[in-house]
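In what follows, a structure is listed as structure tokens, so that the remarks can point back to it.
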Amino acid sequence: MPAPLPARPLVVTGDPVLLDDVLRLAAAAGTVPEVVADAGAARRSWPTAPVVLVGADQVAAALRAQLPRRAGVVLLGADLDDGGVWQRAVGLGAEHVWFLPDHEAEVTTALADARDGAADLAPLLAVVGGRGGAGATTLAVGLALAGVRRGQRALLVDGDPLGGGVDLVLGGESDPGPRWPELSGTQGRLSAPALAAAVPVMSGAGVLSWDRGHAHSVPPEAMEAVLGAARRGHDLVVVDLPRRPDAAGRVALAAATTTLLVVPAEVRAAAAASRVASSVGLLCRDLRVVVRGPSPLGLGGGEIARALGLPLAGEMRAERHLDAQLDRGDPPGRRAGGPLAGLCDRLVEECCRERSVPGRLAA
């Protein structure tokens with residue numbers, strides 16, 4: 001029996017002008033939508049279409065047809081001055097109200113995402129240190145390698161222009177392939193397959209890091225484009241971020257499924273981390289703490305997490321010879337069965353298990 005054809009975007013409108021605009025944008029996005037002129041006839045494709053664009057002319061008919069609530073419904077408004085359009089959008093269960101030509105970019109992106117299957121975006125884990133030297137980069141590398149052990153396409157993104165460089169940690173600083181300076185001018189939609197094919201692969205994970213030249217910040221538009229393509233073309237994306245995120249870092253935090261704050265089990269480190277948590281917590285949807293031991297005072301991870309008022313995601317136990325590994329460019333967490341690998345394996349497993357619930361990582 002032949003495999004069923006993939007569901008296409010659904011356009012529900014009898015307005016010929018609106019339809020011409022949408023079809024033009026669909027062509028630009030490289031997709032051919034299914035078009036239904038009457039909302040009552042949309043019932044068959046309504047549940048399975050990756051995205052549904054409902055013209056303002058069909059909202060009343062859609063409400064009368066009592067079509068089921070679902071994600072990915074967009075109301076295409078006809079009049080910017082129509083205040084009632086928002087009320088109708090609520091009744092329809094629409095996630096967005098877009099007007100043409102003002103929102104052509106948003107419509108094109110939604111159609112292109114539907115073509116690429118972007119409804120199933122990869123989890124994005126952001127890692128931030130509670131203070132300098134907390135071990136955030138080590139954890140970020142370990143998470144990416146845990147994804148590799150699971151057979152996933154993992155991408156590790158270095159979001160800290162003043163850090164040491166995740167490629168150095170992986171021993172791949174000389175590997176060919178693009179670094180951030182070559183992608184800093186990226187805007188709009190970036191091809192997911194092209195990004196995956198271009199970045200260097202180190203220890204099985206794709207890596208986007210910095211070169212050894214002058215540090216430059218990444219424009220937020222470039223970070224947004226790269227992370228969008230990364231999540232469409234990979235199974236797991238990990239971003240290593242600085243304690244004081246710049247504009248690009250704020251984009252990454254807003255997009256992150258879960259943000260992990262790495263805090264050494266020390267009183268002064270917890271005090272510093274509380275300031276980081278107060279600023280980072282305003283930007284991300286789910287902030288959890290990873291406590292790195294050992295503690296000179298015998299503090300446990302639960303005590304540090306309670307002091308910060310954050311859920312405890314896990315504890316990084318001490319790993320022998322870790323500093324020597326880092327100096328040699330021997331990736332941390334690559335050895336299965338070690339404390340770091342064990343923690344990262346668990347975190348990635350839970351993250352992937354919870355990916356159907358955005359922004360939630362099991363404690």
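The values are calculated or read from the model by the stated rules, or taken from the named source; none is laboratory data. Because the structure is a prediction, the values reported are computed rather than measured. Glycine gets a Cβ as well: all are built from the backbone with ideal geometry, and neighbour counts include every protein chain shown. Please note that ligands, DNA and RNA were not included when accessible areas were found on the heavy atoms of the full protein model with its side chains. Shrake-Rupley method; radii C 1.70, N 1.55, O 1.52, S 1.80 Å.
Observations on the model:
- Rounded accessible area per residue of segment 216-281, 1.4 Å, Å²: 34
- Accessible area of the chain belonging to carbon and sulfur atoms, whole % at 1.4 Å probe: 53
- Near Ala252: Cβ cut-off under 15 Å, other residues only, Lys/Arg at +1 and Asp/Glu at -1. The net charge is -2.
- Global form of segment 1-72, assessed from the alpha-carbon gyration tensor, a/c cut-off 1.5: oblate
- Taking θ as phi - 60° and the Karplus parameters 6.51, -1.76 and 1.60, the scalar couplings of segment 130-135 work out to x, 7, x, x, 6, x Hz in sequence order, x denoting glycine and proline.
- The overall shape of segment 243-322, judged from the alpha-carbon gyration tensor, is prolate: a/c is not under 1.5, and a/b is greater than b/c.
- As a length-normalised measure over Cα pairs under 8 Å and 6 or more apart, the relative contact order of the chain settles at 16 percent.
- Value of relative contact order over segment 1-95, rounded to a whole percent, pairs C-alpha under 8 Å and six or more apart: 29
- Projecting label points 7 angstrom from Cα along Cα→Cβ for Arg70 and Ala28 puts them 2.6 nm apart.
- Residues in segment 119-179 average 32 Å² of solvent-accessible surface per residue, probe 1.4 Å, ligands and nucleic acids excluded.
- Theoretical gain in end-to-end length, Leu282 to Ser184 [0.36 nm per residue, Cα-Cα removed]: 32.7 nm
- The angle between the Cα long axis of helix 220-233 and the longest principal axis of the Cα atoms of the chain comes to about 80 degrees, rounded to the nearest 10.
- Per residue, the accessible area of segment 1-86 comes to 54 Å², computed with a 1.4 Å probe over protein heavy atoms only.
- Bridge type composition, the chain - antiparallel percent by DSSP, nearest 5: 5
- Nearest-20 debye value, segment 106-158 charge dipole, Cβ charges on Lys, Arg, Asp, Glu: 360
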